[in-house]
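Working notes, structure below.
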Amino acid sequence: MPIRKLSAQRLWLLAAYVAAAAVLFCAPLVLSDFRLNLLAKFLAYAIVALGLDLIWGYTGILSLGHGVFFGLGGYAMAMYLKMQASGGKLPDFMDWSGLTKLPWFWKPFEFLPFAIAAGILLPAILALILGYFTFRNRIRGVYFTILTQALVIITTTLFIGQQAYTGGTNGLTGYSKLFGYSLGSPETKRWLYWVTVAALIGAYLLCRVLVKSRFGKVLRAIRDGENRVRFIGYNPAIYQMVAFAFSAALAGLAGMLFVLHVGIISPSMMGIVPSIEMVLWVAIGGRGTLVGAVLGAVLLNYAKSTFSESYPNIWIVFMGALFVVVVVFLPKGAAGLFGQLKRLRRRRASNEGADGVRYPAV
Amino acid sequence: MDVIILQLFNGISVSSILLLIALGLSITFGLMKVINMAHGELIMIGAYTAYVVQNLFADYMPASMFGWYFAIAIPVSFIVAFIFGLVLEMGLIRFLYGRPLDSLLATWGVGLMLQQLARSVFGAPNVGVKSPAWLDGGLTVGDNVFPYKRLFIIGLVLVCLFVMYLYIYRSHPGRRMRAVMQNREMAACLGISTRRVDAVTFAIGSGIAGIAGCALTLIGPIGPAIGTYYIVDAFMVVVLGGVGKLVGTVFGALGIGISNTLFEYWTTASLGKVLVFLCIVAFLQWKPSGFVAMRSRSLDN
C-alpha cells in the first residue's frame, strides 16, 4: 500500500481520535464509581454497535438477532463467574431445580480461557451456521431479517424453558469474584473499565482495517449490487458469512464485558426488544460510519439511562418516534447529517445540482 | 388415535389464527414489499375495539342482546383497523417504498408508540373480553370435544379467505392489485393509480389484522403487547409460504401451526419451537423463496 500523505485534515482527525482515546482512558479520574460503571456498560454496547454496523451499514444485511450473540457471550462469561462463586459446589439455581450433577457442558467453563474463547467463538459459529444455510441460497434482505428475529424468539424461549441449565427467566447472577478479586470493589471496576476501553479501541481499529481493506470493498459492493459482485466472479455468500460471524463475535465479546460490569445476564437482555434497540443505536449514529455507530450507542444509552428511570412511558414513545424520524429523514444517521450539510454548502457554493451518493435501497 | 386427532385439531386451530394474521402481512409484503412490524399493534387495536364494543353493549343494550356484540365487533374491528392502516400508509409507509428494511424499522417505531398509546388509554394490565354465551361449550364427536370458539375462529378464517379470494381474483380492484403486484411500471402505464391501489391494499391488510385481533379475544385476555406475541410467527408463515399467492400463505400457516403443536406435544414447548425453526430453515434450503414463489424474469426482486 502506498504511503498516503498526511493532509492537514487527516492530521486533525487523527488528533481527535487520540484525544478521544485519552479522554476515555482518563475518565476514571473524574467520574464517580457509579457513572464509570454506566460508561463502561455503554462502551460494551458500542462494541455491539460496531459489529452491527459492519454487517448492516457496510454489507447491507440487517440482523435483528444480535441480542442472541450478545447473550451467548454474556452467558459464557456468567457461567465461568457462577462456577467461581459456587466454589466447586453445584450452582444454587441448579440445586433449586433438582439437579444433582453438573451438566457436562458446564464443566469446561470452570476455566477462564475456555469461557472467553467460548464467548467469542460460540456466537461466531452460530452465525456461520445460520449464514451458511441462508446466504448460500441467496436468502437475503427481509427474509434473512425475519429469520434472525425468529432465532431470537427461539433462543429466549429455550433459555427460559431450560431453567435447570440456564437459570430460566432470572438468568445467571449472584457472582462475586474474578481471579479472586472482588467484582464489587472500585479497584476492580476501574480495571474492568480500562479493559473495556481497550477492547473497544481494539475492535474499532480491527473494523477500520477490515473496512478499508479489499475485503471491506467487496462488502460494500455486495451492499450496493450483490448480483454484479457475483457476476464479476466473487462468491458473496462467503463474504457475507465471514462478516456476519465477525459481527457476532464482536457482540459476544461485548456480552462478556457487559456481564462483568452489570453482574447479571438474563433472557430479557437478549430478547427482541434489546436486539432491535441495538439496531437503533447504529441507525441513529449513522450506518456505514464506524464512529457513528460508537457514538450512537453511547449517546442513546446515556439518554436512556437519564430519561427512562424518571419517565419510562415517555421514553418508549420517544424511542418509537426516533425510529420513524431517523429512518424517514436521516437514513444515514447523525454522522450522515454532517455529510449532508457539507454537501449542501458545497452545492450552494458551486451552484451545481450534483447530489452525493444516494443510500441504496437495501 | 384420539390424542392425534385432538392435537391435529389444536394445530389447525393455531394455524387458523396464524393464517388470519399472516393474510394481511402477505398481501402488504407481496404487493408493496413493505414489512409492517406494526401489524401486531393493528391486531391489538382490533382486540381493544372488540373490548370497547363489548363494554358499550353491556352499558347501553339490554342484557338479552349482549351475546350479539361479537357479531358487531368483527366488522367494527375491521373498519377501525382499516382506518388506522390507511392513515399509516398515507402518513408514513408511502415514503418508504423500495426500502423494505427501513420500513421494518420505522413501523417497529410506530408499533412502540401504539402500544404505549394503548397502555395509557386502557391501562397496562390485560383486560378480559367475555365471550358470547353462544360460543360456550363444544361439539362432541366420539370422545373428543371441539370447543365452539375454536371452530368459530376456523370458520371465520375460511370466510375471510373466501372473501379475499373473491376480492383478489374475481373483482376489478383485485385485478388492478394483481397487476400492480406483477409489474408496477406497466400497470401505471396502463392507467392504474398505483398510489391508490397501494393505500387500499395496505388498509385491507390492516383491516384483516383487526379481525384477527377480534378473534384473539375469544382465546384469552388481551393486553397492549398482544400483537408482538404473534407477529414473528406470522412473518415466518409468510417466509415459509412465499408471497404473491393466497395458497402459499395457507400452506405456510398450516405447516407452522400443525408442526408447532405436534413438536410441542412430543417434546417441550421450548424445544418444539427450536425444532420448528430448524424445519423452516431446512425447508428453505429446498425452496429458498418459500412454497410458492412468483415467477419473474427480474434478477433483483
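The values are calculated or read from the model by the stated rules, or taken from the named source; none is laboratory data. In this text, all values refer to a predicted model and were calculated from it rather than measured experimentally. All Cβ positions, glycine included, derive from the backbone under ideal geometry; neighbour counts span all protein chains shown. Surface accessibility is based on the protein's heavy atoms, side chains included, excluding ligands, DNA and RNA. Shrake-Rupley method; radii C 1.70, N 1.55, O 1.52, S 1.80 Å.
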inquiry  = Test of understanding: among B:216, B:254, which residue is away from chain A (no Cβ under 14 Å), touching a residue at least 12 places away in the same chain (Cβ under 8 Å), closer than 18 Å to residue B:10 by Cα and crowded, with 24+ Cβ neighbours inside 10 Å?
reply    = B:216
task = Residue by residue through the stretch B:181-194, note down the ones that are closer than 14 Å to residue B:98 by Cβ and open to solvent by 70 Å² or more (accessible area, probe 1.4 Å).
result = B:184, B:185
note = For the stretch A:106-147 the number of residues that are in a loop (DSSP other than H, G, I, E, B), in contact with a Leu (Cβ under 8 Å, 6 or more places away or on another chain) and away from every other protein chain (no Cβ under 14 Å) is 0
ask   = Is at least one residue of the stretch A:88-98 in contact (Cβ under 8 Å) with a residue 60 or more places away in the chain, hydrophobic (A, V, I, L, M, F, W, C) and over 16 Å from residue A:260 (Cα atoms)?
value = yes
key: Selected residue (only one of A:258, A:329 is open to solvent by 70 Å² or more (accessible area, probe 1.4 Å) and either at pLDDT 90 or above or within 14 Å of another protein chain (Cβ to nearest Cβ) (or both))   = A:329
note = Out of (1) more than 18 Å from the chain's Cα centre (by Cα); (2) surrounded by fewer than 20 Cβ atoms within 10 Å (Cβ to Cβ); (3) away from chain A (no Cβ under 14 Å), the one residue B:247 does not meet is (1)
query = Is there a residue in the stretch A:197-208 that is under 27 Å from residue A:43 (Cβ atoms), modelled with pLDDT of 90 or more and not in a helix (DSSP H, G or I)?
reply = no
key: Cβ-Cβ under 7 Å pairs, at least 6 apart or on other chains, the stretch B:71-100 side polar (S, T, N, Q), far side crowded, with 17+ Cβ neighbours inside 10 Å   = B:77/B:46; B:77/B:49; B:77/B:50; B:77/B:210; B:77/B:211; B:77/B:213; B:77/B:214
key: Hey, residue B:176 at pLDDT 90 or above, in contact with a helix residue (DSSP H, G or I) (Cβ under 6 Å, 6 or more places away or on another chain) and farther than 30 Å from residue A:323 by Cα or not   = yes
message = Tell me the residue from B:271, B:278, B:284 that is more than 15 Å from the chain's Cα centre (by Cα), more than 21 Å from residue A:139 (Cα to Cα) and not small (Gly, Ala, Ser), please.
response = B:271
request  = Give the residues of the stretch A:219-253 that are acidic (Asp, Glu) and either crowded, with 17+ Cβ neighbours inside 10 Å or closer than 13 Å to residue A:52 by Cα (or both), sorted by residue number.
outcome  = A:226
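Residue-by-condition table, conditions (1) open to solvent by 60 Å² or more (accessible area, probe 1.4 Å); (2) within 23 Å of residue A:240 (Cβ to Cβ); (3) of a type in the set (S, T, N, Q):
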| position | (1), (2), (3) |
| --- | --- |
| A:26 | yes, no, no |
| A:37 | no, no, yes |
| A:41 | no, no, no |
| A:44 | no, no, no |
| A:61 | no, yes, no |
message = Anything in the stretch A:85-104 that is among the charged types (D, E, K, R) and closer than 17 Å to residue A:168 by Cα? List them, or say none.
response = A:92, A:95
task = Within the stretch A:262-276, track down each residue that is open to solvent by less than 10 Å² (accessible area, probe 1.4 Å) and not small (Gly, Ala, Ser).
result = A:265, A:267, A:270, A:276
task = Would you mind listing the helices (runs of 4 or more DSSP H) fully within the stretch B:20-132 where at least 3 residues are within 14 Å of another protein chain (Cβ to nearest Cβ) and under 24 Å from residue A:144 (Cβ atoms)?
result = B:39-60, B:100-122
note = When (1) touching a Leu at 6+ places or on another chain (Cβ under 8 Å); (2) hydrophobic (A, V, I, L, M, F, W, C); (3) more than 9 Å from every other protein chain (Cβ to nearest Cβ); (4) free of Cβ contacts under 8 Å to residues at least 40 places away in the same chain are applied to residue B:279, the one that fails is (1)
remark   = Of (1) open to solvent by 10 Å² or more (accessible area, probe 1.4 Å); (2) under 24 Å from residue B:159 (Cβ atoms), residue B:1 fails just (2)
task = Considering every residue within the stretch A:238-249, establish whether at least one is of a type outside the set (Lys, Arg), part of a helix (DSSP H, G or I) and under 14 Å from residue A:74 (Cα atoms).
result = yes
inquiry  = Suppose we keep only residues that are modelled with pLDDT of 90 or more and under 16 Å from residue B:104 (Cα atoms) within the stretch A:131-145. Which one would you say is farthest from the chain's Cα centre (by Cα)?
reply    = A:144
inquiry  = Checking the conditions here, which among B:176, B:170 is over 28 Å from residue B:51 (Cβ atoms) and surrounded by fewer than 17 Cβ atoms within 10 Å (Cβ to Cβ)?
reply    = B:170
inquiry  = Go through the stretch B:131-157 and report how many residues are loosely packed, with under 15 Cβ neighbours inside 10 Å and in contact (Cβ under 8 Å) with a residue 40 or more places away in the chain.
reply    = 5
message = Between a residue in the stretch A:306-319 that is within 11 Å of another protein chain (Cβ to nearest Cβ) and any residue that is of a type in the set (A, V, I, L, M, F, W, C) and surrounded by fewer than 16 Cβ atoms within 10 Å (Cβ to Cβ), which pairs come within a Cβ distance under 9 Å, given they are 6 or more apart or on different chains?
response = A:314/A:307; A:315/A:303; A:315/A:307; A:318/A:303; A:318/A:307
ask   = Here are some residues: A:108, A:123. Which one is open to solvent by less than 20 Å² (accessible area, probe 1.4 Å) and touching a helix residue (DSSP H, G or I) at 6+ places or on another chain (Cβ under 7 Å)?
value = A:123
message = Pairs needed: first member in the stretch A:61-77, within 14 Å of another protein chain (Cβ to nearest Cβ) and in contact (Cβ under 8 Å) with a residue 40 or more places away in the chain; second member anywhere, not aliphatic (A, V, I, L, M) and not in a helix (DSSP H, G or I); C-beta distance under 9 Å; at least 6 residues apart or different chains.
response = A:61/A:140; A:61/A:141; A:62/A:141; A:67/A:271
request  = Identify, from the list B:231, B:219, B:258, B:211, the residue that is over 15 Å from residue A:154 (Cα atoms) and at pLDDT below 90.
outcome  = B:219
query = Do you know which of the residues in the stretch A:148-180 that are surrounded by fewer than 17 Cβ atoms within 10 Å (Cβ to Cβ) and modelled with pLDDT under 85 is nearest to the other protein chains (Cβ to nearest Cβ)?
reply = A:174
key: Scan of the stretch A:301-321 for residues that are in contact with a Gly (Cβ under 6 Å, 6 or more places away or on another chain) and either open to solvent by 30 Å² or more (accessible area, probe 1.4 Å) or on the phi > 0 side of the Ramachandran plot (or both), ordered by number   = none
request  = Have a look at B:194, B:228, B:268, B:201 and point out the one that is of a type in the set (Val, Ile, Thr), in contact (Cβ under 8 Å) with a residue 12 or more places away in the chain and more than 20 Å from residue B:33 (Cβ to Cβ).
outcome  = B:228
